[in-house]
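Written below as structure tokens is the structure these notes are about.
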Amino acid sequence: MSDTIRKHINDAICNRNYNRQVFIERLGKEIAENLLECGLVRTCCNCDSFDDKREVCTYNNANIRPPAKIIATGCEKHNDLIPF
């Protein structure tokens, strides 16, 4: 568990006035980012064929922007990012 997640949980437990909606949103975002970084979720965000600057899929030189559902959930053509 990351320090950020621990902090959000601690804030939610210790502070009665803590906005639980904010807690859920922050926690969800943190978990999603951790899953992407670990490679446990395969989406356009961590696909080698996705051009982040132009936000297009370059698989087979397509250079098209995938539908939002594909960006969020990935596709069968996903290529893992190579770290070098």
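The numbers here are math on the coordinates, done by the rules we state, and not lab data. No experiment lies behind these values; they were computed from the predicted model shown. Backbone-built Cβ (ideal geometry, glycine too); neighbour counts: all protein chains shown.
Under a point spin-label approximation (7 Å from Cα along Cα-to-Cβ), what is the I9-A62 distance to one decimal in nm?
3.9 nm
Cβ under 11 Å from Y18's Cβ, Y18 left aside: what net charge do those residues give with Lys, Arg +1 and Asp, Glu -1?
Once positives and negatives cancel, what remains is +2.
If you put +1 on each Lys and Arg Cβ and -1 on each Asp and Glu Cβ, how big is the dipole of the chain around its Cα centre, in Debye rounded to 20?
Rounded to the nearest 20 debye, it is 340 debye.
Can you tally the net charge around D80? Count Lys and Arg as +1, Asp and Glu as -1, for every other residue whose Cβ sits under 12 Å from the Cβ of D80.
Local net charge: +1.
Once Rh for the chain is found with the Kirkwood sum over Cα pairs, what is the Stokes-Einstein diffusion coefficient at 10 °C and 1.306 mPa s, in µm²/s? Please report the intermediate quantities before stating the final value.
Values: Rh = 14.7 Å.
Using the Kirkwood radius from Cα pairs, D works out to 108 µm²/s.
Among N17, N34, N63, determine the one that fluctuates most according to a GNM of the chain built with springs between C-alpha atoms less than 10 Å apart.
N17
Taking every pair of alpha-carbon atoms in the stretch 35-84, give the share separated by more than 15 Å as a whole percent.
Tail fraction, whole percent: 36.
Quick check: Cα centre of the stretch 37-76 to Cα centre of the stretch 18-34, how many Å?
24 Å
So how do Y59, Y18 line up by other beta-carbon neighbours within 10 Å, fewest first?
Y18, Y59
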